[in-house]
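The values are calculated or read from the model by the stated rules, or taken from the named source; none is laboratory data. Computed from a predicted model, the values in this text were never measured in an experiment. Every residue, glycine among them, receives a Cβ derived from its backbone with ideal geometry; neighbour counts consider all protein chains shown.
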Amino acid sequence: MRSVPEWWTDAIRTSHQVRTRVMAYRGGGVGQVEVPITEGTVTFDATAEEERRCQFTVPRFDETGFDWQPGRDRLHPLAPYGQSVYISNGMFNPAVSGQFHVCHMGHYLITNVESDSQTVQVTGADFWRKLKEQNIQGSPIDGFGPSHTYQSALFRLTWVGLQNTFTDDVQIIAPDFSAMSSNPRLSQYVATPFMSDRTEPIKTLADAWGARVYVNDVADLAFVPKVLEPSSTPVFTFRGGVNGSLLRRVRTQDRDGVYNWIIAQGKDPSTGANTYYGRLFTESGALDIRGPHGWVSQYFETGQFATVDDAIRTVNDLWAASMLRGFTETITAVPNPALQLYDTVRVIGDDGTPNDMIVLALDIPLTASSNGGEMRVVVGERVDSTSAAAIKKAGIGNAYTGSDSQR
């Protein structure tokens, strides 16, 4: 959860005035100008490649007569040619006149603009889009090997070219490794061919490192430990009833993405030979592979397993992520822009029963009229508590035929 003042938690549940600013700029903050939006939404989605998206509406002409339709002006503040917007959203303290607090909602690359005679509709995506669009250029090296650490390889992948010196090169986005406690050397070679998609080796290395990678509030490429279990201390409570922030809740159960047999297979990139592997499956509860649910499998392959423990950690992460997908709730609530993906929240319905769940998606309105002034939150919890007692096997070789050395 983003940092907020003490008065925030109580004030969010009472009537208050929203404060939102949308600042447009082009390249390093040049030419910042405030955009007079009439409504809009920021969306955070843990399942999307670009976790953050925004959309907002602007009047075609503002009070000064400025035309917010870019037209043929490629340097217009809202034109989709490298222009970005920074969004902050918060509220005034209803108990103290003039006091307010805003939360950073992030920076968004403008990707699409539609307009008519009355309004301009703008869509944006976080700066992962820049990494996705700018394929690897001018690389005299074909990849990274054991001479590199995770940090050094990932740092170099944030530059347009991968040459040994960065003279006359351009960094697309700055990485932030501060949350990661380790920085081991790579165990195997990671290919980075000329003109290839740089997000693929970034995601491969992040998974092998046990990190979640995303673009954060200040537009850095953040690497943080994966969150796979609810925290013991929820950061916020959604409560129904009078003076509660919970308006509605819809429960969903889904079998898509819920696996009861998962394999993490290591490969030697140079020879294709199998190395270390980890395997998890369950023979109990609703997800028993021998039962009506059936045999629902997931296969993950990487060249970065240096030990059996690496394979075990990865297959455990895949299992925990799978278990979160099966049971979700969509909550409609009073907006709280301090919430973030993977926060643990407590949901208490009218019957008083508490459920601690992880935030998987958020739609936060930027004005009182956006989305009816309501926030949508998708939260997840484990689909089946008995599935935690999965059978674990690991070893060297083929995950299907190799001899298991560990349970």
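Run down 334, 359 and say which single residue is surrounded by fewer than 22 Cβ atoms within 10 Å (Cβ to Cβ) and hydrophobic (A, V, I, L, M, F, W, C).
334
For the range 169-197, enumerate the residues that are of a type in the set (S, T, N, Q) and closer than 18 Å to residue 269 by Cα. Outline the logic, then answer.
Within the range 169-197, the subset of a type in the set (S, T, N, Q) is 171, 178, 181-183, 187-188, 192, 196.
Result: 187, 188, 192, 196.
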Taking the condition closer than 30 Å to residue 336 by Cβ, in contact (Cβ under 8 Å) with a residue 24 or more places away in the chain and touching a Lys or Arg at 6+ places or on another chain (Cβ under 9 Å), does residue 218 pass? no
Exactly one of 50, 6 is in contact with a strand residue (DSSP E or B) (Cβ under 8 Å, 6 or more places away or on another chain) and among the acidic types (Asp, Glu), and that one is 50
Return yes or no: is residue 324 modelled with pLDDT under 85, crowded, with 20+ Cβ neighbours inside 10 Å, aliphatic (A, V, I, L, M) and assigned by TED's automatic domain parsing to the domain that holds residue 301? yes
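For (1) hydrophobic (A, V, I, L, M, F, W, C); (2) surrounded by 18 or more Cβ atoms within 10 Å (Cβ to Cβ), each residue gets a yes or a no:
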| position | (1), (2) |
| --- | --- |
| 206 | yes, yes |
| 231 | no, no |
| 252 | no, no |
| 275 | no, yes |
| 286 | yes, no |
| 293 | no, no |
| 298 | no, yes |
Checking residue 323 against (1) within 20 Å of residue 240 (Cα to Cα); (2) touching a helix residue (DSSP H, G or I) at 6+ places or on another chain (Cβ under 8 Å): exactly one of these is not met. Which one? (1)
For the range 244-324, which fully contained strands (runs of 3 or more DSSP E) count at least 2 residues that are among the basic types (Lys, Arg) and more than 22 Å from residue 149 (Cα to Cα)? 246-253
For the structure I just gave you, tell me whether residue 98 is of a type in the set (Gly, Ala, Ser), out of contact with any Ser or Thr (no Cβ under 7 Å at 6 or more places or on another chain), farther than 30 Å from residue 191 by Cα and without any contact (Cβ under 8 Å) to a residue 40 or more places away in the chain. yes
